[in-house]
Amino acid sequence: MQAVLDNFDLYLKAFGYTVALFIVAGILSMLLGTALAACRVGPVSILRKATAVYVTVTRNTPLVIIFATFSFMAPMLWSHLNFKWVEVSIGEFDFSPFFAAAVVSLTLYTSSFVCEALRSGVNAVPVGQAEAARAIGLPFAGVMRQVVLPQAFRASVPPLASVQIALIKNTSVAAVFGIAEATSRMRSFNNDFGSQRTEIFIAFAIGYIVIVELFSFGASRLERRWRVAR
Amino acid sequence: MRFIRTKAVLVSAALAVTLAACGDAGSDDKGRDVDADKDAAAALPDGSRMKEIADSGKVNIGVKFDQPGLGFKGATDDVPTGFDIEIAKILASKLGLKTSDINWVETVSDNREPFLTSGKVDLVLASYSITDDRRKVVGQTGPYMITGQQLLVKSDSDVDSIDDLKGQEVCSVTGSTSIDGINEHGAKGVGFDSYSECVQKVLDGTVSAMSTDGSILMGYAAENEGDLKVVGDEFTEERIGVGYSKKEPEMCQWINDSLTSAFDDGSWADAFELTLGKSGSETPEPPTLDECPAA
Amino acid sequence: MSASVLYDYPGPKTRARHRTYSVVTVVVLLAAVVWFFWRLQDHGQLEYDKWEAFVTPDYVRVILVDGLLQTLKMAAFAIVFAVAFGFVFGVGKLSEHAWARWPSWLVVEFFRAIPVLLLMVFIWYALGIKADNSAFWAVVMALTLYNGSVLAEVLRAGVLAVPKGQSEAAYAIGMRKTQVMMLIMLPQAVKIMLPAIISQCVVALKDTALGIYVVAPGLTYVVKQVYLEFHNQVPAILVVGSLYILVNLLLTGLATLLQRRYVGEKKQLDVPMVGNAATRPKTIA
């Protein structure tokens, strides 16, 4: 434990990066995922199919490969994708090009799971709701925006929460691609303080558990408040 | 004087790596076999770790598999190649073991110490810089090569020393001394598991520079001629040594003796010419070895 | 597709508008594909020497045998152990005895809440380092613990999904607790669980790619060796990605088949944190 306590600032900073990755990629993936879900259930058949292909491909690709794509392939295809223009420092934290590439990878990966969670939410909305909305003359956009999606979002809080919890854990993959977040920090602690491996592991595991539990606590509060009375 | 000599070494290293890289799929260059030195093996003191290894007929040596010129193993190769590998073969021969008796274990920068302390490997020759911090955990002796940290940048870059990169990201390998060197000079070290990822990040402009031993960088610069160049003086001195377990201090003197005899009988120079110095350019003087700590 | 209740059967105007959307989508997608290949070409990534390794028999053999086969082996070991782990702890969580229920709950929740990569690194350093092939087993063990915990949860949900009348009837004819579980509940639960188990295989297979962080054998490792030798990251990424997708799609197809065969069109088991690969029943979308 001594190793972690002595370097507690490094420990906190590492989890700072983990949380930052989670928040930024979490918000972006919700936005992109919603747009994808709209395409996925929309009336334009080609868009539906294209989204289905996108979702299938990203969900079946290991996250490591998606990271590799945005770390090594994308910058070659288009030089702006090296994210060199992202160079923000807030206090102790540097949001470097590496951070940006990680956010993009996590967002693209997570958004297809968000899309599927929302689609299951849409499916949970009783058919009568959509029929009634159409009966009063709403077009597709109106049906979705005013009737179906608000209910779908509420119904999909539990699956969305699972997707976002998975994202918290998936931020660890950024360790492989040059970000000093929690998992990468644990590896270097393990390296420097070989005799305290178990304590170090427990300390970092607790960090992740705290983040996951805080998030699920919030999500379950939200779910209770938002539950649709049927 | 030493500086000029080092430059020559680096250039030759660069050429060697380029040549190696020009090979066809599945290059036929598999290094050489070193015969067992039965006399040296017979002289090993009884009860020592060396004797134990010699009697077991197998030695586990930790090397790198991903550094062209030093320790590299292609997907279809059985035995790695490089300068570290050749030195390892010489050491094994002094145990009375043949090259085929060596069990090559891949190490990455991060796991060299745990491998030694847990006894998974008997020796580490993995471009392993000697440092005081590491000497607290494991035994290190040598050096069998001296090199220094430089910078690899794009050809059109204005950067010409590490001081130009204060506050910027500079790429290197996690768990290496190079990343500490970068941080000490005010830049921010970012790390991957091997150097080729860093090369890619320099090429696509994500980072302005990468830094590690000059010998490694020259190889990459030659491979990407016109796109990349090596700049700056060596801002650190890397003394590449052999790692052994602290529990077996008798190994140190034996390693030193073996290296000294390799320096003297020319097999060290042969190893150099076969790998880093393949272009035929001058082989440097062998470095001076550290004294072993009193047992 | 007019089956959706979200929108009306399109009239002539709407159809015209949808046609425009379709054309725009097709054009944009085609442009993206063309641009992609043009950029690859521009960077010389389509040249033969970048792809040579992937058509040279020696390398193809290594990629398939030392790469794909090792990866599949890791995934297979992991999933077999995970099923056993899930069985033990899933039944443990259902136990009526607090001494069995609480530890099971703790273990399952712990391994579900931490990243599998963190676990992998720890195992790699801690107990694996002495063993030969430590990285291989680090990957297998990390995936076992994580997927096993998820499967424990799946098993619990599966058992709870068996209609109550089944166990009541079993008790009524005089079966004991263990008999009810082993002879009545589990066989039915397993049938319901099969697709979820296969979905978990996809997750395990995908996560084997994380082995690259602990120098484990497998596809990612071999392909890394290839690109270190040939400097062909881009083709390497494309090849390895396609291989993973291909195998995963085959698994997903199997899941769908099993779902149809054993579960029918009933609603799939809904367990949080499980990748639902199989098709869903038709509803409004």
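Points to keep in mind about this one:
- Residue list for the range B:217-243, filter: of a type in the set (Asp, Glu) and open to solvent by 30 Å² or more (accessible area, probe 1.4 Å): B:Glu223, B:Glu225, B:Asp227, B:Asp233, B:Glu234, B:Glu237
- Residue tally, condition in contact with a strand residue (DSSP E or B) (Cβ under 9 Å, 6 or more places away or on another chain), hydrophobic (A, V, I, L, M, F, W, C) and surrounded by 12 or more Cβ atoms within 10 Å (Cβ to Cβ), over the range A:77-99: 4
Residues checked against (1) in a helix (DSSP H, G or I); (2) touching a Phe, Trp or Tyr at 6+ places or on another chain (Cβ under 8 Å); (3) at positive phi; (4) open to solvent by 40 Å² or more (accessible area, probe 1.4 Å):
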| position | (1), (2), (3), (4) |
| --- | --- |
| B:Val170 | no, no, no, no |
| B:Ile179 | yes, no, no, no |
| B:Gln200 | yes, yes, no, no |
| B:Ser211 | no, no, no, no |
| B:Ser215 | yes, no, no, no |
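- Selection within the range C:1-49: residues that are assigned to a helix (DSSP H, G or I) and of a type in the set (D, E, K, R). The member of this set that is modelled with the lowest pLDDT is C:Asp49.
- Selection of the range C:6-34 for residues being facing chain A (nearest Cβ under 8 Å) and within 32 Å of the chain's Cα centre (by Cα) yields C:Leu6, C:Thr25, C:Val26, C:Leu29.
Conditions tested, residue by residue: (1) open to solvent by 10 Å² or more (accessible area, probe 1.4 Å); (2) closer than 30 Å to C:Leu64 by Cβ.
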site: B:Arg49; (1), (2): yes, no
site: B:Gly69; (1), (2): yes, yes
site: B:Phe83; (1), (2): no, no
site: B:Lys98; (1), (2): yes, no
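- Any hit, the range B:117-132, residues being charged (D, E, K, R), closer than 22 Å to C:Val121 by Cα and modelled with pLDDT under 85: yes
- Test: residue in the range A:56-67 that is open to solvent by 10 Å² or more (accessible area, probe 1.4 Å), over 20 Å from C:Val116 (Cα atoms) and basic (Lys, Arg): no
Table: residues versus (1) in contact (Cβ under 8 Å) with a residue 12 or more places away in the chain; (2) facing another protein chain (nearest Cβ under 8 Å); (3) in a helix (DSSP H, G or I).
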residue: A:Gly142; (1), (2), (3): no, no, yes
residue: A:Val147; (1), (2), (3): yes, no, yes
residue: A:Arg154; (1), (2), (3): yes, no, yes
residue: A:Pro159; (1), (2), (3): yes, yes, yes
residue: A:Lys169; (1), (2), (3): yes, yes, yes
residue: A:Ala203; (1), (2), (3): yes, no, yes
residue: A:Tyr208; (1), (2), (3): yes, yes, yes
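- Condition check for C:Val223: open to solvent by less than 30 Å² (accessible area, probe 1.4 Å) and within 13 Å of C:Leu72 (Cβ to Cβ): no
- For C:Leu46, the criteria (1) more than 9 Å from chain A (Cβ to nearest Cβ); (2) open to solvent by less than 60 Å² (accessible area, probe 1.4 Å); (3) in contact with a Pro (Cβ under 9 Å, 6 or more places away or on another chain); (4) of a type outside the set (Asp, Glu) hold in every case but one, which is (2).
- Enumerated helices (runs of 4 or more DSSP H) restricted to the range C:110-185, each holding at least 2 residues that are modelled with pLDDT of 90 or more and within 14 Å of chain A (Cβ to nearest Cβ): C:116-126, C:134-161
- Residue list for the range A:131-142, restricted to those being of a type outside the set (Phe, Trp, Tyr) and at pLDDT below 85: A:Pro139, A:Ala141
- In the range A:210-230, the residues that are within 21 Å of the chain's Cα centre (by Cα) and outside any helix (DSSP H, G or I): none
- Put simply, of C:Val108, C:Val88, C:Val83, C:Val116 the only residue that is among the β-branched types (Val, Ile, Thr), in contact with an Asp or Glu (Cβ under 9 Å, 6 or more places away or on another chain) and within 22 Å of C:Leu160 (Cβ to Cβ) is C:Val108.
- Residues of the range B:111-156 that turn out to be closer than 18 Å to B:Arg239 by Cα, of a type in the set (D, E, K, R) and either in contact with an Asp or Glu (Cβ under 6 Å, 6 or more places away or on another chain) or surrounded by 20 or more Cβ atoms within 10 Å (Cβ to Cβ) (or both), as a count: 2
- Flag if A:Arg221 is more than 21 Å from A:Met30 (Cα to Cα) and more than 9 Å from chain C (Cβ to nearest Cβ): no
- Filtering B:Pro284, B:Pro249 for residues that are within 30 Å of B:Asp122 (Cβ to Cβ), touching a residue at least 60 places away in the same chain (Cβ under 8 Å) and outside the structural domain of B:Ile53 (by TED's automatic domain parsing) leaves a single hit, B:Pro284.
- If you go through the range C:217-254 and pick out every residue that is out of contact with any strand residue (DSSP E or B) (no Cβ under 6 Å at 6 or more places or on another chain) and either away from chain A (no Cβ under 12 Å) or among the aromatic types (Phe, Trp, Tyr) (or both), you end up with 10.
- Put simply, of C:Val60, C:Val65, C:Val83, C:Val107 the only residue that is away from every other protein chain (no Cβ under 14 Å), in a helix (DSSP H, G or I) and either open to solvent by 20 Å² or more (accessible area, probe 1.4 Å) or β-branched (Val, Ile, Thr) (or both) is C:Val83.
The values are calculated or read from the model by the stated rules, or taken from the named source; none is laboratory data. On a predicted model such as this, the values are computed, not experimentally measured, just so you know. When we count neighbours, we look across all protein chains shown, and the Cβ atoms used for this are built from the backbone with ideal geometry, even at glycine. Ligands, DNA and RNA are excluded from the accessible area calculation, which covers all protein heavy atoms including side chains. Shrake-Rupley method; radii C 1.70, N 1.55, O 1.52, S 1.80 Å.
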